[in-house]
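The values are calculated or read from the model by the stated rules, or taken from the named source; none is laboratory data. Predicted model only: the values in this text are computed from it and were never measured. Please note: Cβ atoms are built from the backbone with ideal geometry, for glycine as well, and neighbour counts cover all protein chains shown. Surface accessibility is based on the protein's heavy atoms, side chains included, excluding ligands, DNA and RNA. Shrake-Rupley method; radii C 1.70, N 1.55, O 1.52, S 1.80 Å.
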Amino acid sequence: MTLPEAETAPSMPELPEVETLVRRLGPRLRGRRIAGFESVWPRALENFTPVQARRRLGGARVVEVGRRGKFFRLGTDQGLWILGHLRMSGNLFLGLPGAPPPRFLRHRLLFEGGSELQFLDARKFGRLRLSEDPDLDLAALGPEPLERGWTAAVFSAALRGRRRQLKPLLLDQTFLAGLGNIYADESLHRARLHPLRNSATLRAEEVRRLHAAIRRTLREAIRACGSSFDFVYSTLEGRPAGRFQDQLRVYGRAGEPCRSCGTRRVVRIVVAQRGTHLCPRCQRAPRRRTHS
Ligand SMILES: [Zn+2]
């Protein structure tokens, strides 16, 4: 599947938001039999038409609802999968029979009995794909940060091999799957590392700090059901779907006091075209290398 342009395209629902959706929807979707598919924005369908979806998915039963990076994946008993990326404003809901269609409804996976999985997307950057082999289609993705196999030693070797600034590297989905602008900034702040540090210059202790900070940040965010901003990742009634936005230490807090040291204000800089938030005291800037 085409990965979103990691460094330039914002991708707001990140790992914790997709994980929350998948955990919520999984028990309610598993076992349902697919009766149809409809789309009012077929440009979002990467490799199929609504007619093809109806033909290939009709009669199949949902057996798995999962996540890989920021992608969600729905597996059926026919061996066919639906892969999706919410990009900037996508959201998933289970629509019940008789309920009026919500605003920004773009695609509907219809089930026998009248319920449906609704794909809402105000800005229409979301994508869907049919896949016979999701592991192959998502093979370009880097490791899952919450998996047991992603150890500090594995992370350390990967950092040394890349020699890149930390912020764009953490956003690169082929390096590590699931982090976007919010959780990259929050992880770097918790690890007390400047976003412009070169990945190959980290000491062993700093690598361990960053590794632990990424995991802690993601776990805390999942516990809080993710972060909501404005209409992005909200309930159908427009309320925030997550609570982690209240615990953010730097993201979106430029000009406000740092929640760690309390003595400096959070600063916003631009790194690789992305707004980047940091505390100049807790996250010391790397010394500039002199070029001869
Ligand atoms: Zn600070």
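Do the conditions hold for residue 281, that is, is it within 13 Å of the ligand (Cβ to nearest atom), in contact with an Asp or Glu (Cβ under 9 Å, 6 or more places away or on another chain) and modelled with pLDDT of 95 or more?
The answer is no for residue 281.
Which of the residues that make up the stretch 118-139 are over 30 Å from residue 231 (Cβ atoms) and either assigned to a loop (DSSP other than H, G, I, E, B) or modelled with pLDDT under 95 (or both)?
Once the filter is applied, which keeps residues that are over 30 Å from residue 231 (Cβ atoms) and either assigned to a loop (DSSP other than H, G, I, E, B) or modelled with pLDDT under 95 (or both), the stretch 118-139 yields 132, 133, 139.
Yes/no per residue for (1) part of a strand (DSSP E or B); (2) of a type outside the set (Asp, Glu); (3) over 30 Å from residue 186 (Cα atoms); (4) open to solvent by 10 Å² or more (accessible area, probe 1.4 Å):
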residue	(1), (2), (3), (4)
13	no, yes, no, no
27	no, yes, yes, yes
47	no, yes, yes, yes
64	yes, no, yes, yes
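Kindly establish whether residue 110 is surrounded by 18 or more Cβ atoms within 10 Å (Cβ to Cβ), under 27 Å from residue 45 (Cβ atoms) and not β-branched (Val, Ile, Thr).
yes
Against the definition (open to solvent by 10 Å² or more (accessible area, probe 1.4 Å) and in a loop (DSSP other than H, G, I, E, B)), how does residue 254 come out, yes or no?
Spelling it out, residue 254 is indeed open to solvent by 10 Å² or more (accessible area, probe 1.4 Å) and in a loop (DSSP other than H, G, I, E, B).
Any idea which of (1) assigned to a helix (DSSP H, G or I); (2) of a type in the set (Lys, Arg); (3) open to solvent by 40 Å² or more (accessible area, probe 1.4 Å); (4) in contact (Cβ under 8 Å) with a residue 60 or more places away in the chain is the one residue 160 doesn't satisfy?
For residue 160, the failing item is (4).
Working carefully through the options 228, 234, 187, 260, find the one that is within 16 Å of the ligand (Cβ to nearest atom), within 21 Å of residue 13 (Cβ to Cβ) and polar (S, T, N, Q).
187
If only one of 260, 227 is part of a loop (DSSP other than H, G, I, E, B), touching a Leu at 6+ places or on another chain (Cβ under 9 Å) and polar (S, T, N, Q), which one is it?
None of the others qualify; the one that does is 227.
Any chance the stretch 270-278 includes a residue that's surrounded by 16 or more Cβ atoms within 10 Å (Cβ to Cβ), within 15 Å of the ligand (Cβ to nearest atom) and not hydroxyl-bearing (Ser, Thr, Tyr)?
yes
All but one of (1) away from the ligand (no atom under 16 Å from the Cβ); (2) open to solvent by 10 Å² or more (accessible area, probe 1.4 Å); (3) at pLDDT 95 or above; (4) assigned to a helix (DSSP H, G or I) hold for residue 196; which doesn't?
Residue 196 satisfies every listed condition except (4).
Just one of 238, 242 is more than 15 Å from the chain's Cα centre (by Cα) and either under 27 Å from residue 142 (Cα atoms) or surrounded by fewer than 16 Cβ atoms within 10 Å (Cβ to Cβ) (or both); which is it?
238
When you look at residue 86, is it open to solvent by 10 Å² or more (accessible area, probe 1.4 Å) and either closer than 22 Å to residue 48 by Cβ or in contact with a helix residue (DSSP H, G or I) (Cβ under 9 Å, 6 or more places away or on another chain) (or both), yes or no?
no
May I ask you to say which residue of 221, 177, 184, 191 is touching a strand residue (DSSP E or B) at 6+ places or on another chain (Cβ under 7 Å) and surrounded by 18 or more Cβ atoms within 10 Å (Cβ to Cβ)?
177
What's the number of the condition residue 249 fails, among (1) open to solvent by less than 10 Å² (accessible area, probe 1.4 Å); (2) charged (D, E, K, R); (3) within 16 Å of the ligand (Cβ to nearest atom)?
Going through (1) open to solvent by less than 10 Å² (accessible area, probe 1.4 Å); (2) charged (D, E, K, R); (3) within 16 Å of the ligand (Cβ to nearest atom) one by one, residue 249 breaks only (1).
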